[in-house]
Each structure stands twice: as structure tokens, then as C-alpha cells.
1. Can you tell me how many residues in region A:22-66 are over 12 Å from A:ILE124 (Cα atoms), of a type outside the set (Lys, Arg) and more than 11 Å from chain B (Cβ to nearest Cβ)?
2. Taking the conditions exactly as written (within 20 Å of A:LYS130 (Cα to Cα) and either in contact with a Pro (Cβ under 9 Å, 6 or more places away or on another chain) or assigned to a helix (DSSP H, G or I) (or both)), does A:ASP61 satisfy them or not?
3. Cβ-Cβ below 6 Å, separation at least six or inter-chain, first residue in region B:108-129 and farther than 20 Å from B:ALA63 by Cβ, second in a helix (DSSP H, G or I): which pairs?
4. Looking only at region B:135-154, how many residues end up being assigned to a helix (DSSP H, G or I) and more than 9 Å from chain A (Cβ to nearest Cβ)?
5. With the requirement that a residue be among the polar types (S, T, N, Q) and part of a loop (DSSP other than H, G, I, E, B), what does region A:1-46 give you?
6. Since B:ARG49 meets every condition but one in (1) assigned to a loop (DSSP other than H, G, I, E, B); (2) of a type outside the set (Ser, Thr, Tyr); (3) surrounded by fewer than 13 Cβ atoms within 10 Å (Cβ to Cβ); (4) under 23 Å from the mean Cα position of the chain (by Cα), which condition does it not meet?
7. Is it true that some residue in region B:76-90 is more than 11 Å from every other protein chain (Cβ to nearest Cβ), within 30 Å of B:ARG6 (Cβ to Cβ) and loosely packed, with under 15 Cβ neighbours inside 10 Å?
8. Can B:ALA104 be described as surrounded by fewer than 16 Cβ atoms within 10 Å (Cβ to Cβ), of a type in the set (A, V, I, L, M), in a helix (DSSP H, G or I) and at pLDDT 95 or above?
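The values are calculated or read from the model by the stated rules, or taken from the named source; none is laboratory data. Since this is a predicted model, take the numbers as computed values, not measurements. Using ideal geometry, Cβ is built from the backbone for each residue, glycine included, and neighbour counts are taken over all protein chains shown.
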Amino acid sequence: MAYGQKIIDHYENPRNVGNFGTQADVKGRRDIGVGLVGAPECGDVMQLQIKVNPGTGVIEDAKFKCFGCGSAIASSSLATEWLKGKSLDEGLSIKNTQIVEELSLPPVKIHCSVLAEDAIRAAINDYRTKNGMEARERTAASAH
Amino acid sequence: MLGLPRGFDLDPSEVDRAYLERAGAVHPDVAAGDDDAARKAAALNHAKRVLEDPERRARALLALLGGPGKEDRSLPPGFLMEIMETREHIEAARGPEERARWEAWAAERRREYQANVAGLFLRYAETGVPARVRMTLNAWRYIERLIEQLDPDYDPARADFD
């Protein structure tokens, strides 16, 4: 199957791999949001952590850990790059279809981009609820 | 399609026997140029592969029984966190002995899931059991994926990019 250069680059040189601490470490940290998601279709698991500036509400840093296929790794790597410098609302507006487009994912790998979008939403909502804001549901425009 | 009784516990030799009984008539050597026979042969091969793999057999049986489909993504509480932590431990594992211990751990989980599912299918008609089968199968998938990736030759790029 012919994959594009961007996806292979993200897979071979994944950006921002790691975390700001274990789940237990970051549980009490209000500047960190954690999104832990899985895909029961394939058994891949992905964790995304965001570090937010409490003053400005801007996502200053993002890290991911993904045990999955190359497309899931590339999707989460791209997600961390896109999140940096965005506000929480801008982060929530990232759609899996944008990831599909950027990485030229084939139809059988669309669920990997959905997983990355789920992780973004989960991490942002974890930050929001930790800081007394209500969680935001997936918007109607989100493609699934 | 193979005329076997509907159930999770299957005798592998019965699968073989039922398959061989039917495969002869549609074998390409016998039915060359017969499109219908070729389709039937492919379907028989597929059925055999599904039945021989306990996890795929369980999924197929749940679908056949009209149980909850893959839109039901439920997992036991805390499961994802446990699997993530386990994955990180395995990633940090050094040396063949530590790896072998994780392989044994994973094989034991596989046996547990298979036994749990077998038990649940025996009392499938009871209230709440179909949903429990679905949840158990969802969790089992993560174990199978972990086993697949424990293989030192596993390369996520190969699974994807070749």
C-alpha cells in the first residue's frame, strides 16, 4: 500500500513521545490534562498529556505514548504538534478528518485518526474538569 | 455453513472433519472454472479460520446470537489504565528472561479470557450476560494485540506500510 511521506516521517521520527509523569504523578496536577483512550476494534491504546498555562489557557506542551500500529503512532504524533500553542477551544476543534487529510490515511486506518481525536478531547476535558469547567461533548460537526 | 452445532466449545477435529467433508466438492481441481464453487471454497476457508481462532470464534458467535455489536465499547473499570501501565512495563523490560515472564503473563491472561467467555456463553440466556460477553471480548482484544506486539519481530510499520 502506498503511504505518503508525511505519515512515514511521523512514524519513523515520532514527535513528543513520553509524558509529564505517570498517571499517579499527574493526577493531582491541575496544569496537566490526560487523555487515555483505546480502540476495541484493534486493541491499540493511546495516552495523550497536555500541559496548559493556567494564566493564558494555552496548551504549552503535549506528549503522547501509543502502543499501536504505525498510523496510530503517526496520528498521535501529529496531534501533539498541532496542539502546541493552541487554546483549549482551538484544540477541541481539531477533527479526525484533518488528520486523515494531512497524513493521507487510507480508509482502513481512519479509526486511528478517530482515536487521536478522542485522545485530544479526553485530555482537554480532563484539564477542564480538574479546573472546575464542564466537559465538552464532541461537536456535531465532528466526523465519525 | 459447516453444519456444526452453535456454541463456543468446539472439538477441533470436528471442525476439520466438517471442513474436509465439504471442501472436496468445491476444490479448484474438481470444480475448475466454476465461480460459484470458488466462492463457496473461499467462504469455507474463511469459516474454518474463524472457528479455529477462539477470539474470532467468540466474536462471530456473539454476532450470530444477535448480541451487542462493536459500537458497544465498554471495558471493565480501570482496564485501559492497567493495560497502558502493563505496556509501559513491557517496553521497559530488559533481557530475554523478563520478556519471557511477560509472555507467560500474557498467555495466562489469554487463557483466562477464553475460559471466561466460554463460561458466559454457557449461560448466555441469563440477564446481562450478552453485555458481559461484549465487555470481555473488548478487553480480550487488548490482550491479543499485546501478544502480537510482544513478538520481537513485530514491526508496526510492517503491519501498516507494506
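1. Here is the first cut: in region A:22-66, the ones over 12 Å from A:ILE124 (Cα atoms) are A:22-29, A:37-47, A:53-56, A:60-61, A:63-66.
Remaining after also requiring of a type outside the set (Lys, Arg): A:22-26, A:28, A:37-47, A:53-56, A:60-61, A:64, A:66.
The next check asks that each one be more than 11 Å from chain B (Cβ to nearest Cβ); those that pass are A:25-26, A:28, A:53-56, A:60-61, A:64.
The number of residues fulfilling the criteria is 10.
2. Working: within 20 Å of A:LYS130 (Cα to Cα): yes; either in contact with a Pro (Cβ under 9 Å, 6 or more places away or on another chain) or assigned to a helix (DSSP H, G or I) (or both): no.
No, not satisfied.
3. The qualifying pairs are B:ARG109/B:ILE143; B:ARG110/B:ILE143.
4. Step one: of region B:135-154, the residues assigned to a helix (DSSP H, G or I) are B:135-150.
The next check asks that each one be more than 9 Å from chain A (Cβ to nearest Cβ); those that pass are B:135-136, B:147, B:150.
The qualifying residues number 4.
5. The first filter runs over region A:1-46 and keeps only residues among the polar types (S, T, N, Q), leaving A:5, A:13, A:16, A:19, A:22-23.
Listed by number, the residues that qualify are A:ASN13, A:ASN16, A:ASN19, A:THR22.
6. Single failed check for B:ARG49: (1).
7. Looking through region B:76-90, at least one residue is more than 11 Å from every other protein chain (Cβ to nearest Cβ), within 30 Å of B:ARG6 (Cβ to Cβ) and loosely packed, with under 15 Cβ neighbours inside 10 Å.
8. Working: surrounded by fewer than 16 Cβ atoms within 10 Å (Cβ to Cβ): yes; of a type in the set (A, V, I, L, M): yes; in a helix (DSSP H, G or I): yes; at pLDDT 95 or above: yes.
Spelling it out, B:ALA104 is indeed surrounded by fewer than 16 Cβ atoms within 10 Å (Cβ to Cβ), of a type in the set (A, V, I, L, M), in a helix (DSSP H, G or I) and at pLDDT 95 or above.
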